[in-house]
1. Filter the stretch 107-150 down to the residues that are in contact (Cβ under 8 Å) with a residue 60 or more places away in the chain and touching a strand residue (DSSP E or B) at 6+ places or on another chain (Cβ under 7 Å) and list them by number.
2. Quick one: would you say ILE101 is within 19 Å of ASP125 (Cβ to Cβ), within 16 Å of the ligand (Cβ to nearest atom), of a type outside the set (Gly, Ala, Ser) and at pLDDT 95 or above?
3. Report every pair of residues separated by at least 6 positions or lying on different chains whose Cβ atoms are under 8 Å apart, first residue within the stretch 44-59 and closer than 16 Å to SER205 by Cα and among the charged types (D, E, K, R), second within 16 Å of the ligand (Cβ to nearest atom) and part of a strand (DSSP E or B).
4. For the stretch 8-47, which residues satisfy the criterion of being away from the ligand (no atom under 14 Å from the Cβ), surrounded by fewer than 21 Cβ atoms within 10 Å (Cβ to Cβ) and β-branched (Val, Ile, Thr)?
5. Scan the stretch 80-97 and tell me whether some residue there is without any contact (Cβ under 8 Å) to a residue 40 or more places away in the chain and of a type in the set (S, T, N, Q).
Amino acid sequence: MENKDTIIHNIEIIKKRIIRACEKSNCTPEEVKLLLATKTVPAERIKIALNYGYTLIGENRVQEVKGKGDELKDTPHQQHFIGHLQTNKIKDLLKYPVTCIESLDRVGLAERLDKRLANKGKTIDVLLQINTSNEESKFGVHPGDAIEFARQVAQFQHLKIKGLMTIGLFSAELERVRACFRLLRDIQQKIQQEDISGVEMKELSMGMSGDLEVAIEEGATIVRVGTAIFGERIYPDSYYWNEEK
Ligand SMILES: *Cc1c(COP(=O)(O)O)cnc(C)c1O
């Protein structure tokens with residue numbers, strides 16, 4: 001079942017969904033990046049998508065970044081980190097060519113990242129993860145604390161804030177999901193109005209396999225898609241969104 005053609009076929013379907021959503025919402029498909037959410041997907045299957053020209057990937061666990069690093073290193077791609085990052089894993093993560101941490105969710109993490117990057121003489125892009133669904137089980141800064149969080153993170157010279165990330169509510173009621181994405185866009189505008197030095201708010205990373213159309217309608221610039229391309233995972237997502245075991 002899981003062969004090369006399936007992955008390529010699935011990518012084509014996602015591409016069409018993106019194009020259709022853009023037509024509905026006054027944006028161009030070039031403005032929406034497709035990030036492949038590759039947790040649990042073996043490197044050989046990821047490579048099929050990379051070789052097909054979809055080269056932006058995102059992992060949730062440092063362990064997986066590490067495990068696939070060798071096999072992927074000769075296939076051109078760009079890697080974001082989209083999972084909960086523990087401070088004691090920073091050092092390991094920064095050994096790999098990750099260009100953006102989309103899941104920055106606490107000042108303590110920002111501080112430790114900044115210190116390590118300063119030592120290496122490097123910078124990294126970050127998105128601020130906001131908990132727009134108000135679910136206890138999800139990480140991210142409370143919407144009411146987002147502006148203050150942006151101000152604090154902006155003080156770290158080695159972190160380049162590029163925008164916001166959220167995981168929408170898991171619900172079949174798309175209008176409730178839409179409210180999460182709209183909230184993220186509102187927060188984006190509020191932070192822009194603050195005009196904080198060094199803070200860019202261009203990227204809105206929101207929308208996954210089940211809700212990418214709604215996200216695009218609300219202004220997503222990055223959609224993160226796993227299941228609809230690589231198939232069902234054996235673990236429930238909560239496994240990845242909770243503390244690493
Ligand atoms: C797994 C994951 C996705 C992709 O979810 P699918 O429903 O499989 O498309 C997106 N974002 C994050 C943070 C994830 O952990």
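The values are calculated or read from the model by the stated rules, or taken from the named source; none is laboratory data. No experiment lies behind these values; they were computed from the predicted model shown. All Cβ positions, even for glycine, are placed from backbone atoms using ideal geometry, and neighbour counts span all protein chains on display.
1. Residues satisfying the conditions are LEU127, PHE139.
2. In short, yes.
3. Pairs found: GLU59/GLN79; GLU59/PHE81.
4. Within the stretch 8-47, ILE8, ILE19, THR28 qualify.
5. yes
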